[in-house]
Amino acid sequence: MIGVRRTTTDGGVIAVVGASGAVGRATARHLAASGGGPLRLGARRPAENGTPVTRLDVDDTAALHDFCSGAAVVANCAGPSTVVGDRVARVALAVGAHYVDPAGDDRLADLITPLTAGTDRCAVLSAGMMPGLSGVLPRYLIATTPTPVHRLTGHVGGRDHFSPAGAADYLRAEEFGTAHVEWHAGRLVPSAPTGRAVTVPFFPEPVLSMPFLSTEAARIAAAAGLTEVRWHSAFVDGHVAALLRGAASPERPTGEALRQAARLDLFGRTPYQVIVVEVGGADGSARSVALWGRGASELTGAMVAHCAILLRDEGGPPGTHHAADLLDPVTTVTALRQADAVTRIVEVDSTDGLHWREGTL
């Protein structure tokens with residue numbers, strides 16, 4: 001796990017690519033608040049708050065080389081990840097920097113793994129809210145539960161913005177996992193959504209719960225020897241839920257349609273995200289953790305900043321890794337309790353497990 005002390009000789013600079021986007025701005029704020037300086041910020045457009053930002057286009061390899069040179073860590077917050085791919089990683093690792101990316105499907109990992117082979121550089125992928133924090137919380141419960149864990153259930157979602165990059169990545173979710181399935185004894189089995197709103201413990205309002213087994217959840221299931229894993233994306237009863245159910249249009253939704261639906265759901269409301277995870281044993285015991293956050297971009301920024309500071313200060317094992325597989329879950333949850341992006345974390349022990357009730361959508 002990350003945390004092996006290393007000595008850096010490149011000045012400790014953390015460079016953030018895509019610093020004027022929603023995730024980039026959040027990352028820069030969390031880095032500044034956590035003592036992550038000195039910072040170097042780069043983006044295609046100036047920051048809205050007037051923070052000095054170097055004009056930078058990820059398609060300009062020469063400019064990207066100059067921007068990354070001399071940095072201890074490069075955090076790539078530019079998107080969509082399915083378009084940017086390994087462009088930033090290729091340059092960052094070539095100039096000798098460690099690398100952090102909130103994206104991280106298997107395709108991206110396959111592209112970046114050869115870049116770290118034979119080097120002492122560490123690339124940490126999937127360092128966002130989901131994937132990332134969505135994998136840290138299950139591992140935290142597994143690590144702190146005194147009895148063997150056999151099953152895992154998770155819900156993640158809420159009311160939130162969709163950035164252009166976030167919407168584009170979400171609509172290509174099949175690259176990050178499989179919809180309408182769950183894990184049973186090493187196999188994927190069908191799990192259809194009910195089509196009705198459910199009341200999930202710790203969520204402030206009914207949500208449409210859509211089964212989605214991410215590659216991250218599958219890795220956790222295999223590594224921990226879990227018998228059952230049920231993971232769900234949760235959307236409030238509103239325009240986004242209707243769009244994703246196909247009620248608004250028979251066509252596949254566009255990124256702009258998804259963003260507009262999210263804006264309508266947010267009208268007059270405060271953005272939030274909730275991650276609820278429960279683990280259980282064969283004896284009927286259950287433990288759960290619920291995390292409330294100020295939004296996906298904020299939670300992602302907190303995770304990217306946490307990983308970047310660890311890599312700068314402690315280094316990391318050479319190679320390409322997914323954040324939830326690499327980070328110490330107890331240390332990470334302890335650090336996130338202090339992050340401004342996290343409004344609350346609650347842990348619950350239960351002999352009966354958590355339950356949710358169906359409503360009307």
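The values are calculated or read from the model by the stated rules, or taken from the named source; none is laboratory data. Since we're looking at a predicted model, the values are computed, not measured. Ideal geometry is used to build each Cβ from the backbone, glycine not excepted, and the neighbour counts take in all protein chains shown. Areas reflect the complete protein model, heavy atoms only, side chains present, ligands, DNA and RNA absent. Shrake-Rupley method; radii C 1.70, N 1.55, O 1.52, S 1.80 Å.
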Under the 0.36 nm per residue contour assumption, what length would be gained going from the current alpha-carbon distance of Thr51 and Arg90 to full extension?
11.4 nm
Residues with amide H under 5 Å of Gly177's amide H, sequence separation 5 or more or different chain, H placed in the peptide plane at 1.01 Å from N; which?
Thr215
Under 5 Å between amide hydrogens, which residues at least 5 positions from Leu41 or on another chain qualify, with H placed 1.01 Å from N in the peptide plane?
Val16, Thr54
Counting sequence-distant residues (5 or more places) and residues on other chains, those with an amide H built under 5 Å from that of Ala197 are Gly359, Thr360, Leu361
What accessible area per residue, rounded to a whole number of Å², is obtained for the chain using a probe radius of 1.4 Å?
42 Å²
Extend 7 Å from the Cα of Asp110 along its Cα-to-C-beta direction; within segment 198-219, residues with backbone N under 20 Å of that point are 213-219
Taking θ = phi - 60°, what integer Hz values does the Karplus form 6.51 cos²θ - 1.76 cosθ + 1.60 yield along segment 175-192, in sequence order, with x for Gly and Pro?
7, 10, x, 10, 7, 6, 9, 9, 9, 9, 6, x, 10, 8, 10, x, 8, 7
Where GluC sites (Glu not before Pro) fall in DSSP loop in segment 207-267, at most 12 other Cβ within 10 Å
Glu251
Simple label model, 7 Å out from Cα along Cβ direction - Thr145 to Phe267, nm
4.2 nm
Need one number: nm distance between label points at Thr61 and Glu174, each 7 Å from Cα along Cα→Cβ, rounded to one decimal.
3.1 nm
Total formal charge among the other residues, if their Cβ is under 11 angstrom from that of Leu299, Lys/Arg +1 and Asp/Glu -1
-2
Could you give the size of the charge dipole of the chain about its Cα centre, using +1 on the Cβ of each K and R and -1 on the Cβ of each D and E, expressed in debye and rounded to the nearest 20?
440 debye
